[in-house]
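Each remark here refers to the structure printed beneath this line.
The values are calculated or read from the model by the stated rules, or taken from the named source; none is laboratory data. All figures in this text were calculated on a predicted structure; none of them were measured in a lab. Every residue, glycine among them, receives a Cβ derived from its backbone with ideal geometry; neighbour counts consider all protein chains shown. Areas reflect the complete protein model, heavy atoms only, side chains present, ligands, DNA and RNA absent. Shrake-Rupley method; radii C 1.70, N 1.55, O 1.52, S 1.80 Å.
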Amino acid sequence: MLNPVTDAFAATLRARLPEAAFRPLTPAYLQEPRGRFHGSGGLLVCPGSTPEVVALMRACAAARVGIVPYGGGTGLVGGQIMTDGPAPVILSLERMRAIRGVFAQENALVAEAGAILAEVQAAAAAQGRLFPLTLASEGSARIGGCLSTNAGGVNVLRYGNARDLCLGLEAVLPDGSVLNGLTRLRKDNTGYDLRNLLIGAEGTLGVITAAALKLYPQPEAEGAALMVVESPAAALALLSMAGRRIGGGVSGFELIGRMGLQFLAEKMPEIRQPFAEMPGWMVLIDLGLGAGQDPAAALEGLFAEAAEAGLVSDGVIAQSLAQRAAFWDIRERIPEANRKIGSVSSHDISLPLSVIPEFIARGGPALARIGDFRINCFGHLGDGNLHYNVFPAAGKTRAAYEHLRGAVKRCVHDLVHEMGGSVSAEHGVGRFKVEDLERYGDPAKLAAMRAIKGALDPLGIMNPGAVLRQG
């Protein structure tokens with residue numbers, strides 16, 4: 001059993017850490033963006049260095065006090081919020097945000113875990129390099145949190161998840177020992193890959209304090225287009241065609257349905273709609289090409305071939321960087337419109353690309369057997385990640401469907417599992433999907449995860465109740 005933070009324990013910490021490490025526990029640290037998880041309290045501690053994290057971890061281990069790592073607070077599955085149990089230490093690395101070094105010729109950057117994603121992007125850009133992890137929350141998400149949740153974003157198709165963008169880690173383990181793995185090596189086959197063990201562990205195995213990250217050359221020319229497609233199957237065929245014609249130059253390929261555009265028109269009418277008549281489906285294609293290559297010409301050629309094949313019926317190609325940004329603004333504002341509508345249940349899922357059209361075709365009728373819903377299906381089609389969100393019928397509120405939320409989630413996730421997909425594509429497990437992991441996870445994998453947790457965190461102090469149910 002864990003012990004709560006007490007005045008005596010707080011005094012012990014204050015004797016070991018500078019006063020700057022202690023900040024008031026404001027409501028922002030006790031709630032998450034969707035408002036579904038609320039913390040009950042704790043002690044907020046903000047170490048300013050790795051040795052200070054070590055001192056904190058050792059004190060918590062000795063007193064058997066739980067630790068909840070807190071990044072930018074943008075997580076959507078409750079991983080950063082402990083809703084019950086003994087009051088924990090809430091560990092924020094917001095004071096550890098230094099860029100320790102940019103190694104442009106190596107295409108590498110070393111940042112502390114509290115660095116905000118946008119700051120890392122800017123530091124790379126200042127040296128003529130690109131850090132390609134791109135999220136809607138990049139102005140507040142922190143690198144440690146991005147790695148701990150293996151964040152995805154819009155560029156996974158080309159550059160991979162956060163896991164694929166990390167060369168090495170510095171981390172403090174639950175006993176206070178430091179994993180000195182901050183290597184910039186591209187090849188290092190010296191045993192178990194502890195870096196990849198900590199990435200995606202959501203703070204349950206230790207605390208990431210710094211990371212060596214991969215950079216890339218900045219594209220010399222960028223472009224984007226919106227193309228109307230007949231169906232998700234046509235969108236997949238267009239994706240294959242784009243890969244054949246443009247190769248690795250395709251950075252993003254987003255699927256957008258009519259419902260998302262209708263929500264934008266209803267809640268954010270200032271957003272300019274791209275077509276006079278809202279299409280049933282459209283895709284946003286983003287390119288990043290090298291010197292001497294013309295993105296607009298590449299997209300024009302793609303559209304011409306796709307139109308001849310019957311895959312697209314209309315389209316618009318960005319004629320400037322401002323118009324390209326406007327296209328992306330449409331895509332990025334859809335989640336904001338979703339929040340204004342208020343979903344019954346939102347799902348971050350991934351599927352094998354070839355079965356996505358079938359999933360979409362089966363999902364609507366399956367949900368209709370439960371109730372009257374509107375479905376907004378959109379997301380990163382290029383890597384198989386859909387945001388499949390279920391909303392009240394027009395004129396009704398989320399409150400009227402609260403009793404159906406569990407059935408809706410179960411319906412969607414059962415179908416995803418049946419079709420070989422994942423019920424958590426890029427948002428993680430947190431506390432929201434612990435039961436889902438138990439229901440759909442491979443038994444051997446779950447047993448191995450519990451064994452690893454028991455070996456590295458035998459006292460169970462790291463993010464109690466997240467990912468794995470607390471014993």
Item checked: Filter result (open to solvent by 60 Å² or more (accessible area, probe 1.4 Å) and among the acidic types (D, E)) within the range 388-425 -> E402, E418
Note to self: Just to verify a result, which residue in the range 343-372, among those that are open to solvent by 10 Å² or more (accessible area, probe 1.4 Å) and in contact with a Pro (Cβ under 7 Å, 6 or more places away or on another chain), is farthest from V412 (Cα to Cα)?
What the structure shows: P357
Check: Any idea which of G145, G114, G153 is buried (at least 22 other Cβ atoms within 10 Å of the Cβ) and under 27 Å from G243 (Cβ atoms)?
Finding: G153
Check: Among the residues of the range 2-19, is any out of contact with any helix residue (DSSP H, G or I) (no Cβ under 7 Å at 6 or more places or on another chain), under 21 Å from L173 (Cβ atoms) and not in a loop (DSSP other than H, G, I, E, B)?
Finding: no
Notebook entry, point to check: Can you name the residue in the range 46-98 that is of a type outside the set (S, T, N, Q) and in a strand (DSSP E or B) and, of all such residues, is farthest from the chain's Cα centre (by Cα)?
Noted result: V65
Next item on the list: Hey, could you check the range 61-80 for residues that are modelled with pLDDT under 95 and out of contact with any strand residue (DSSP E or B) (no Cβ under 7 Å at 6 or more places or on another chain) and say which is farthest from N338 (Cα to Cα)?
Entry: G79
Next item on the list: Search the range 188-199 for residues that are at pLDDT 95 or above and pair each with any residue that is part of a loop (DSSP other than H, G, I, E, B) when their beta-carbon atoms are under 7 Å apart and the residues are at least 6 apart or on different chains.
Entry: L197/L205; L198/L205; L198/G206; I199/N150
Note to self: For the range 279-302, give me each residue that is open to solvent by 60 Å² or more (accessible area, probe 1.4 Å) and either in contact (Cβ under 8 Å) with a residue 40 or more places away in the chain or outside any helix (DSSP H, G or I) (or both).
What the structure shows: A291, G292, Q293, D294
Check: Of all residues in the range 392-415 being touching a helix residue (DSSP H, G or I) at 6+ places or on another chain (Cβ under 7 Å) and among the β-branched types (V, I, T), which is farthest from V344 (Cα to Cα)?
Finding: V412
Next item on the list: Could you list, in sequence order, all residues of the range 38-54 that are open to solvent by less than 50 Å² (accessible area, probe 1.4 Å) and either among the charged types (D, E, K, R) or within 14 Å of V68 (Cα to Cα) (or both)?
Entry: G39, G41, G42, L43, L44, V45, C46, P47, E52, V53
Check: Restricting attention to the range 9-37, and to residues there that are more than 26 Å from the chain's Cα centre (by Cα) and crowded, with 19+ Cβ neighbours inside 10 Å, which single residue is nearest to G85 (Cα to Cα)?
Finding: F9
Next item on the list: Inspect all residues belonging to the range 158-167 and state whether any of them is of a type in the set (S, T, N, Q), free of Cβ contacts under 8 Å to residues at least 60 places away in the same chain and closer than 23 Å to K445 by Cα.
Entry: no
Margin query: What's the number of the only condition in (1) closer than 26 Å to A237 by Cβ; (2) open to solvent by 60 Å² or more (accessible area, probe 1.4 Å) that H380 fails to meet?
Written below: (2)
Note to self: Suppose the filter is in a helix (DSSP H, G or I), modelled with pLDDT of 95 or more, within 16 Å of E220 (Cα to Cα) and under 25 Å from the mean Cα position of the chain (by Cα); does R324 pass it?
What the structure shows: yes
Note to self: Step by step: first the residues of the range 426-440, then only those that are free of Cβ contacts under 8 Å to residues at least 60 places away in the same chain and within 19 Å of G363 (Cβ to Cβ), then the one that is surrounded by the fewest Cβ atoms within 10 Å (Cβ to Cβ). Which residue is that?
What the structure shows: R439
